[in-house]
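Asker: Can you keep this structure in mind? I'll have questions shortly.
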Amino acid sequence: MILTNHAKERIAKRLVKKRKLDRIYSALFSFLRDAVRVEIEDTVIFTNGKKTLVAVKLNGELLDLKEIVERVRDIEDTYECVFWDKKLVKITKPRKFLCEIPPGKYYFYINREKKSMYIGTQEPLLALTFRPAKRWERVLFYFS
């Protein structure tokens, strides 16, 4: 999952009170551990009965790690890199980040404009916002 700037701000405001990237993602991982996932068309909602994270599915490609390395070989800028399987998040060059990932097939998504990259065995999501849960989401959580 990649976070928009708005989602980072909302998570920092509602969960961690700090704007450090590692704390924001750490709070996100602990929130998702207890949350219920609801899919409505291309939108995915995670709720714990009190708070809700709203995300949309991204078009990630399932590639071998060697193919991913080839795609990011010429990138010299620093990116926000997310490896979802080991909950690893860093701001670094993609080539350097890929050295820490074991070989295998992963979903890969890169946004060169926003300088973010996702790698993981689950399909990539873009978190749009983090807000208080609506009434139907609270009921859904308590009955699931």
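Derivation of every value follows stated rules applied to the coordinates shown; laboratory data play no part. Keep in mind that this is a model prediction, so the values were computed, not measured. Using ideal geometry, Cβ is built from the backbone for each residue, glycine included, and neighbour counts are taken over all protein chains shown.
Asker: If r is the Cβ-Cβ distance from residue 139 to residue 62 and R0 is 41 Å, what FRET efficiency results, to the nearest 0.05? Write out the running numbers ahead of the final one.
Answerer: Details: r = 36 Å, r/R0 = 0.88.
Computed FRET efficiency for residue 139 and residue 62: 0.70.
Asker: For the pair residue 19/residue 91, report the inter-label distance in nm, with labels modelled 7 Å from Cα in the Cβ direction.
Answerer: Output for this residue pair reads 1.0 nm.
Asker: Over 17 Å apart: what share of the alpha carbon pairs of segment 59-122 falls there, rounded to a whole percent?
Answerer: Details: 556 of 2016 pairs.
Result for the distance tail: 28 percent.
Asker: Can you give the calculated 222 nm mean residue ellipticity of the chain, where each DSSP H run of n ≥ 4 adds -39,500 (n - 2.57) and the sum is split over every residue, rounded to the nearest 500 deg cm²/dmol?
Answerer: Values: 5 runs with 43 residues, N = 144.
Only helices count here, giving -8500 deg cm²/dmol.
Asker: Whole-Hz Karplus ³J(HN,Hα) for segment 81-88, in order, using 6.51 cos²θ - 1.76 cosθ + 1.60 and θ = phi - 60°, x for Gly and Pro?
Answerer: 9, 10, 10, 5, 5, 9, 6, 10
Asker: Moving on. For an R0 of 25 angstrom, estimate the FRET efficiency from the Cβ-Cβ distance between residue 105 and residue 42 and round to the nearest 0.05.
Answerer: Numbers: r = 23 Å, r/R0 = 0.93.
Efficiency at R0 = 25 Å is approximately 0.60.
Asker: If you don't mind, another one. So how far, in whole Å, is the C-alpha centre of segment 1-32 from the one of segment 115-144?
Answerer: Centre-to-centre distance over Cα atoms comes out at 12 Å.
Asker: In nanometres, what is the gap between the two model label sites at residue 30 and residue 112, each 7 Å from Cα along Cα-to-Cβ?
Answerer: The two pseudo-label positions are separated by 3.9 nm.
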